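Below: one structure, written as C-alpha cells.
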Amino acid sequence: EDLLRVETANKIYKFVAEAIPILNSLGIAWIIENPTNSLMWKTKYFAPIVADMPKFRCKFISMQMCMHGGKRDKKTSIAYAGKVRFSSLAVMCDGKHTHAPWGTVKDDSRTFATASESNYPADFCKKVAALVAKDLKIESTPGKSARSIGRDDNKGKEWAGIQPRRDKRDLIPEFR
C-alpha cells in the first residue's frame, strides 16, 4: 500500500516538474506548494529545480502558516514563476501567538492533527488572491460575491460549487 502511494506521488512529481519548462516557454505562471520538510523537494524531479532556480526562472520562499491564519506552526515552501510575486508571504512565526498542538486528535479516532492542516487557511487564500489580483491588474467587479450569489439563485450556486435546489419543473421527472 505504501509502495503504491510513493509510486503515485512520484508520477505526480515527475509530471509537475516536466510541466515547468513548458509553462515557462508559454509564459504561463505557476505555483507549487508543499511542506518545507517534504521529501518532494529532494526528489530527482524537484532537487534540480530548487538547486538552479534561475535556469527554471523561478523563485522559492518559505513561511509558517500560523502567520497566515493557520492554527499550527506548519512550515510551508512555495516555488513559483510568472508575473505574480509571492515574496511577501515569506513570513516566519513571530512568537506572539500560541499554536495548536501537533500529534493525534483527542477524539479517539487516532487521526493525526496534520489532517486538519491540509486545507489552506482563509487568510492565506485571501492574501494569495490579493497578490494575484494586484500583480495581474485585476480589479474586483462591483456586485455580489460568489457566496452571496450562491444564496440567491441556482446559477450562482452552481458557479460557487454549492448544490442548487431543484427547479419546480424538472427536465427529467424524478423516478418514484
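Read-outs: derived from the displayed coordinates by stated rules, not from any lab. Here the structure is a predicted model, which means the values were calculated and not measured. Quick reminder, even Gly has a Cβ in these numbers, built from the backbone with ideal geometry, and neighbours come from all protein chains shown.
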**Complete:** Residues of the range 39-66 being surrounded by 15 or more Cβ atoms within 10 Å (Cβ to Cβ) and hydroxyl-bearing (S, T, Y), in sequence order, are T43, Y45
**Request:** Return yes when R5 is in a loop (DSSP other than H, G, I, E, B) and over 13 Å from S77 (Cα atoms) and no when it is not.
**Result:** no
**Pair list, Cβ under 6 Å, 6 or more apart: the range 86-99 residue of a type in the set (V, I, T), other residue not in a loop (DSSP other than H, G, I, E, B)** = V91/M63; V91/M67
**Message:** Among the residues of the range 37-96, what is the count of those that are basic (K, R), assigned to a loop (DSSP other than H, G, I, E, B) and within 27 Å of S25 (Cα to Cα)?
**Reply:** 5
**Asked** Which number in (1) over 29 Å from A133 (Cβ atoms); (2) in contact (Cβ under 8 Å) with a residue 12 or more places away in the chain; (3) part of a loop (DSSP other than H, G, I, E, B) marks the one condition that K14 misses?
**Response** (3)
**Asked** Filter the range 67-85 for residues that are within 21 Å of A47 (Cα to Cα) and of a type outside the set (S, T, Y); which is surrounded by the fewest Cβ atoms within 10 Å (Cβ to Cβ)?
**Response** K75
**Prompt:** Which of the residues that make up the range 19-36 are within 14 Å of A79 (Cα to Cα) and part of a helix (DSSP H, G or I)?
**Reply:** A19, I20, P21, L23, N24
